[in-house]
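The values are calculated or read from the model by the stated rules, or taken from the named source; none is laboratory data. Note that the coordinates shown come from a computational prediction; the quantities given were computed from them, not determined experimentally. FYI the Cβ positions are ideal-geometry reconstructions off the backbone, even for glycines, and counts take in every protein chain you see. Protein only, heavy atoms only, side chains kept; ligands, DNA and RNA dropped before computing areas. Shrake-Rupley method; radii C 1.70, N 1.55, O 1.52, S 1.80 Å.
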Amino acid sequence: MATHDTMNNDDLRSLLGTSNMENEIVINEDDYNQEKEPGPNYLLDNREHINKTTKVSWILVITTISTSLGCSIPAGYNTGVVNAPAEILKQWCNETIVHRYAVQFSPAQLDGLWSILVSVFLIGGIIGGVAGGKLANVLGRKGTLKLIYLINLLSGILFFSSKSLAHVEIFFIARLLSGLSAGLTMTMVPMYLLELSPANKSGLFGVMFTVGLNFGVVLSQFLGLGNILGNESSWHYLFSLYGGLVLLAVPTLKLIPESPKYLYTIRNEHSKALSELSNLRGMPISDISWELENLLVSSERWTLRKVINEPTSRKAIIITCIIMLGQQLSGINAVFYYSTSIFRNAGMSTAGAQYGNLGAGVINFIVTILSTTFIDNFGRKTLLLFSSTICVFMLTALMISMILSSIGTIPGISYLLIVFVIGYVLFYGLGLGPIPFFIGSELTDVGPRPIIMSAMSVANWSGNFLVGLTFPFVNLVLKQYSFLPFIVFTVFLIIFTWKVVPETKQSLSQQSADNE
């Protein structure tokens, strides 16, 4: 990477259009001293001796655990918790309405009410996604985290009290708040962890959000089993249990830092940013100031209009939203929807099919954890293409097997269905699952990043809502061919990724240049 004796703002903006831009610009010492505000020069006299590598500190580890307990796990937990105890909750809703209002709902009306209680979580997620970018800049990254923790605690209390107070309305509000929190979480946490992570570990900490999310889903599926908490006497414990995890995370708020990059670029608090970065890395300011010196500081406020009008950020927001919609329209929710019936057709009991569905979720969680060990060794684009391609193969094989199974001419075909379900979940977790959540943060600079991540969150919840709304009708019309739309969408995602999406992982040559 070349250095320049003279570099104007247009040059800087041009360079900032590249991927992983926060680590690609090298400014020489004269430029640094000329462009920074007056104050102490924290750089060493001989900058060639600065070791431009950083390690993962204990503060970063605590921050990752805290955001998982307080944000990511609750978001995943509330996503998956409604599936197992659905019939029990419908019955409770019916009894509560009869008791309070002396009104008897028909089965169709009861199904409609339950659909509202389920979908209001998604509506809350969209609202949280829209608000997340604004709050991230107004309250700061840490301030928004505090708000998420508070909303999660409040929703947990409302879930717990809804049974004893016998109010469906309280349950409705709790679902809305938990969705709002999940939407804020999806906007904030991947962005926040990436801004805190060392450049060579950005993939690892980008995936940590998905690890927490998937663990929350699996935890809720496990606890929702009928012999644990998914029963008439314990469902209120099931729905509120994540509040205990949030309580564990609250004391760590004193330790976790504000994002130094946010302080530096958005707040223009350079000294505080350097102090936070020094504390985060556990290194003297003189050894880590280079992490911030290449950031573009601007007094202009980034808005959605400005993001759309600026070519680089416009491309980033389009790529981010399409990849996230592609993830949601790749069929993952449909596969989990079908998995229980597939396991039953293979000869499992109803309880065994539930455990099989739980097992598929566990596999997805384990693969996501494993991806943290190699995601920084491969390009994001490469993993996304590989994962999506294998998912298309698995979906196609699953659809063909379902068609043959309906004909009933091939013995043992139902067992192949299990293989393809597990195969799809396995390869989905390698790239298509985690990468869309953090690639938007890697495509752009700190300034427009909250808006782009907010758009990503809205795309996620909108895609989720679209699949939930249309899949029952698609399933009714297409029957054994119901996976065909998902195959088409995923093929489009592969072509789009191949033609349009840039590689955001630093190459070895870039890392070497940064270390020179």
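Suppose the filter is modelled with pLDDT of 90 or more and either open to solvent by less than 40 Å² (accessible area, probe 1.4 Å) or closer than 20 Å to S57 by Cβ (or both); does A166 pass it?
On the way: modelled with pLDDT of 90 or more: no; either open to solvent by less than 40 Å² (accessible area, probe 1.4 Å) or closer than 20 Å to S57 by Cβ (or both): yes.
When the stated conditions are applied, A166 does not pass them.
Tally up the residues in region 477-489 that are of a type in the set (D, E, K, R) and either open to solvent by less than 60 Å² (accessible area, probe 1.4 Å) or touching a strand residue (DSSP E or B) at 6+ places or on another chain (Cβ under 9 Å) (or both), please.
Just the residues of region 477-489 that are of a type in the set (D, E, K, R), to begin with: 479.
So of that shortlist, the ones also either open to solvent by less than 60 Å² (accessible area, probe 1.4 Å) or touching a strand residue (DSSP E or B) at 6+ places or on another chain (Cβ under 9 Å) (or both) come out as none.
Residues flagged as of a type in the set (D, E, K, R) and either open to solvent by less than 60 Å² (accessible area, probe 1.4 Å) or touching a strand residue (DSSP E or B) at 6+ places or on another chain (Cβ under 9 Å) (or both) within region 477-489 amount to 0.
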Quiz item: Restricting the first residue to region 110-137 and requiring it to be open to solvent by 40 Å² or more (accessible area, probe 1.4 Å), which pairs with a second residue that is of a type in the set (D, E, K, R) and part of a helix (DSSP H, G or I) meet a Cβ separation below 8 Å and a spacing of at least six or different chains?
Solution: D111/K90; V118/R175
Exercise. Report yes if V297 is at pLDDT below 85, open to solvent by 50 Å² or more (accessible area, probe 1.4 Å) and among the aliphatic types (A, V, I, L, M), otherwise no.
Key: yes
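Here's the yes/no breakdown for (1) β-branched (V, I, T); (2) open to solvent by less than 20 Å² (accessible area, probe 1.4 Å); (3) in a loop (DSSP other than H, G, I, E, B); (4) in contact with a Gly (Cβ under 8 Å, 6 or more places away or on another chain):
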| position | (1), (2), (3), (4) |
| --- | --- |
| G429 | no, yes, no, no |
| F437 | no, yes, no, yes |
| V446 | yes, yes, yes, no |
| S454 | no, yes, no, yes |
| V458 | yes, no, no, yes |
| N475 | no, no, no, no |
Quiz item: In the set T265, T185, which member is of a type in the set (S, T, Y) and at pLDDT 95 or above?
Solution: T185
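On the basis of being farther than 17 Å from L432 by Cα and open to solvent by 50 Å² or more (accessible area, probe 1.4 Å), does F492 make the cut? Walk me through it before giving the result.
Details: farther than 17 Å from L432 by Cα: no; open to solvent by 50 Å² or more (accessible area, probe 1.4 Å): yes.
Answer is no for this residue.
Within region 230-252, does at least one residue satisfy the condition of being over 25 Å from the mean Cα position of the chain (by Cα) and free of Cβ contacts under 8 Å to residues at least 24 places away in the same chain?
Yes, region 230-252 contains at least one residue that is over 25 Å from the mean Cα position of the chain (by Cα) and free of Cβ contacts under 8 Å to residues at least 24 places away in the same chain.
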Quiz item: Right, S178: of a type in the set (S, T, Y), surrounded by 20 or more Cβ atoms within 10 Å (Cβ to Cβ), closer than 30 Å to L430 by Cα and at pLDDT 95 or above or not?
Solution: yes
Exercise. Just need a number here: residues in region 365-396 that are open to solvent by 20 Å² or more (accessible area, probe 1.4 Å) and either touching a Cys at 6+ places or on another chain (Cβ under 6 Å) or within 16 Å of V207 (Cβ to Cβ) (or both).
Key: 13
Practice problem: Report whether or not L204 is crowded, with 24+ Cβ neighbours inside 10 Å, aliphatic (A, V, I, L, M) and assigned to a helix (DSSP H, G or I). | Solution: no
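A quick yes/no check of all residues on (1) in a helix (DSSP H, G or I); (2) open to solvent by 50 Å² or more (accessible area, probe 1.4 Å); (3) free of Cβ contacts under 8 Å to residues at least 40 places away in the same chain:
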| residue | (1), (2), (3) |
| --- | --- |
| I256 | no, no, no |
| Y262 | yes, no, no |
| K272 | yes, yes, yes |
| L277 | yes, no, yes |
| L280 | yes, no, no |
| M283 | no, no, no |
| V307 | yes, no, no |
| I319 | yes, no, no |
| G326 | yes, no, no |
Self-check item: Members of region 211-229 found to be aliphatic (A, V, I, L, M), farther than 30 Å from S259 by Cβ and either part of a helix (DSSP H, G or I) or open to solvent by 20 Å² or more (accessible area, probe 1.4 Å) (or both), listed by number
Solution: L223, I228, L229
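Here is a yes/no grid of residues against (1) at pLDDT 95 or above; (2) part of a helix (DSSP H, G or I); (3) closer than 21 Å to I375 by Cβ; (4) touching a strand residue (DSSP E or B) at 6+ places or on another chain (Cβ under 6 Å):
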| position | (1), (2), (3), (4) |
| --- | --- |
| L150 | yes, yes, no, no |
| A174 | yes, yes, no, no |
| L194 | no, yes, yes, no |
| N200 | no, yes, yes, no |
| F209 | no, yes, yes, no |
| N231 | no, no, no, no |
| L248 | yes, yes, no, no |
Quiz item: Given (1) open to solvent by 30 Å² or more (accessible area, probe 1.4 Å); (2) free of Cβ contacts under 8 Å to residues at least 40 places away in the same chain; (3) part of a helix (DSSP H, G or I), where does V103 come up short, assuming only one miss?
Solution: (3)
Self-check item: Out of G356, G423, G352, G361, sole residue that is at pLDDT 90 or above, assigned to a helix (DSSP H, G or I) and among the small types (G, A, S)
Solution: G423
Quiz item: Of the residues in region 72-100, how many are within 30 Å of F438 (Cβ to Cβ) and part of a helix (DSSP H, G or I)?
Solution: 9
Exercise. Of the conditions (1) buried (at least 19 other Cβ atoms within 10 Å of the Cβ); (2) more than 27 Å from the chain's Cα centre (by Cα); (3) farther than 23 Å from G326 by Cα, M399 clears all except one; give me its number.
Key: (3)
Quiz prompt | One residue from L113, L69 being of a type in the set (A, V, I, L, M, F, W, C) and over 21 Å from E169 (Cβ atoms) | solution = L69
